[in-house]
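Data block below; observations after.
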Amino acid sequence: MLIKDKVALITGGAEGIGRAIALVYGREGAKVVVTDCNDEGGEETVAMINQAGGEAIYLHLNVTSLENHEAVVNAACQKFGRLDIACNNAGISGEFRLTGDHTPETWQQVIDINLTGVFYGVRTQINAMLKTGGGSIVNIASILGQVGLEEITPYVAAKHGVVGMTKNVALEYGTKGIRCNSVGPAFIKTKLVNNLPEEVRNHLSSMHALNRIGDPEEVAELVVWLSSDKASFITGNYYAADGGYLAR
């Protein structure tokens with residue numbers, strides 16, 4: 001078990017990549033704190049972990065609220081005594097429009113959830129980890145944290161920001177026992193794919209060197225390895241789980 005007896009928190013754990021990460025955290029021995037704004041899905045994830053012999057709790061989290069992040073981390077530490085691992089996964093795709101047609105509201109919604117929400121999470125998780133000697137933070141970015149894609153400017157900007165934030169956290173806290181890395185999934189079999197324009201969906205497989213889109217579990221395996229002590233000399237880096245998308 002890679003992370004036996006560690007305490008691991010995941011945001012956006014109710015479905016998709018977040019659920020897959022939570023399940024692998026549980027499989028690898030962690031006590032898992034599943035958070036989301038989708039209470040039903042979050043509780044289902046916890047039930048899946050517990051039924052498989054793991055240990056997990058669910059806490060409601062609105063990632064756009066700093067106070068909510070603080071309450072969740074405090075509750076996790078009260079329950080399990082510490083926080084060793086955190087994965088900031090929650091995010092939305094937002095609307096597809098040309099940059100000149102995005103409204104301030106569509107921009108702000110994506111930035112609030114995908115970038116500011118990660119900052120609030122990282123800020124709170126760092127302060128908890130410092131109390132017990134450090135930990136590992138993994139931020140879920142995207143292939144669009146490295147390249148662009150038409151009509152999704154707020155998302156691309158937010159994910160580039162997550163990659164940059166990750167590097168800074170690594171630089172600032174490396175000597176204090178905290179590692180921070182980002183993972184960039186390509187197109188994965190989740191509900192977010194359904195939000196893509198039809199012309200994009202029709203060519204998804206061919207965009208990847210492996211000629212297929214990924215499974216959530218394939219992202220989760222990378223995240224859990226980065227969260228573990230097996231990655232003890234790895235920090236400040238971006239890792240693509242992209243089936244060769246970025247190789248072009």
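Read the figures in this text as sums done on the coordinates, not as results from a lab. None of these values were measured; they are calculated from a predicted model. In this analysis, Cβ positions are derived from the backbone assuming ideal geometry, glycine residues included, and neighbour counts consider all displayed protein chains.
Structure above, values below:
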read-out	value
Sum of -39500 (n - 2.57) over DSSP H runs of 4+, divided by residues of the chain (222 nm, nearest 500)	-12500 deg cm²/dmol
Kirkwood Rh and Cα Rg combined as Rg over Rh, evaluated for segment 146-215	1.08
Between helix 153-173 and the chain: long-axis angle, C-alpha atoms, 0 to 90°, nearest 10	30
Rounded to 10°, Cα long-axis angle of helix 66-80 versus longest principal axis of the chain	40
Segment 7-240: translational diffusion in µm²/s, Stokes-Einstein, Kirkwood Rh over Cα pairs, 25 °C, 0.890 mPa s	139
Pairwise centroid distance, computed over Cα atoms, of segment 17-39 with segment 45-85, Å	9
Segment 1-63: trypsin sites (Lys or Arg not before Pro) in DSSP coil with no more than 14 other Cβ atoms inside 10 Å	LYS4
Calculated on alpha-carbon atoms, Rg and Dmax of segment 45-168 in Å	16.2, 51
